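Student: The structure follows.
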Amino acid sequence: MNRGSIATVGRDSPGIAASGGGSVNATGVIVTTSGTDNAMGVIADLDGRITFNGGSVTTSGNEVRAGARPRAFAARNPGGVLTSDGTILSTSGLRAMGVVADDGGIVNLTRGASPRRASAASASSLSRNRRARSSPPPRRQMASPSMRRLDASSRRMPPA
């Protein structure tokens, strides 16, 4: 998909999803999702691959069911791979997260992919080249909505 926009509203309604060996390539797309429980912008699930370049992803909503949080980017389960270059991410709501990789999923963020607000509540280990691999998440909450980077070498939040 080149350019254009996608908007979803409601429970369990991602803007873009790939799973079961499917793949999606999106360039310059604007994704907006809202609603309680799993207001996910872009998700690569079990053996799904997504490449998302440029554009933006905005999610809003609140966690109502345990673990069903708003997420701009998510990759989960073995083979779920999401790669992004130069995308603007924005999340809002109770326990909202910018980028999540869990249960074997992988997220690759390169040049300029920039979360505007990210929660460390389920942050994955993040290496120096900004590649996230899922691991047991640290249980921390951001003190303020301003973005802070997760220091991969020590898994501590650096001072603002």
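The numbers here are math on the coordinates, done by the rules we state, and not lab data. All of these numbers come straight from a predicted model, not from anything done at the bench. Using ideal geometry, Cβ is built from the backbone for each residue, glycine included, and neighbour counts are taken over all protein chains shown.
Student: Between SER23 and ASP47, what length comes free when the chain is fully extended (0.36 nm per residue of separation minus the Cα-Cα distance, one decimal in nm)?
Tutor: 7.8 nm is the gain from fully extending SER23 to ASP47.
Student: Take SER92, project a point 7 Å from its Cα along the Cβ direction, then tell me which residues of the range 25-47 have their backbone nitrogen under 17 Å from it.
Tutor: Hits in the range 25-47 for SER92 at 17 Å: 31-37, 39-41.
Student: Going by the alpha-carbon gyration tensor, a ≥ b ≥ c the square roots of its eigenvalues, is the range 15-92 rounded (a/c under 1.5) or, if a/c is not under 1.5, prolate (a/b greater than b/c) versus oblate?
Tutor: Since a/c reaches 1.5 but b/c is at least a/b, the shape of the range 15-92 is classed as oblate.
Student: Give me MET97, MET1 sorted ascending by neighbouring Cβ count inside 10 Å, so fewest comes first.
Tutor: Going from sparsest to densest Cβ surroundings: MET1, MET97.
Student: If you don't mind, there's one more thing I want to ask. Based only on other Cβ atoms within 10 Å, what is the fewest-to-most ordering of THR32, THR91?
Tutor: THR32, THR91
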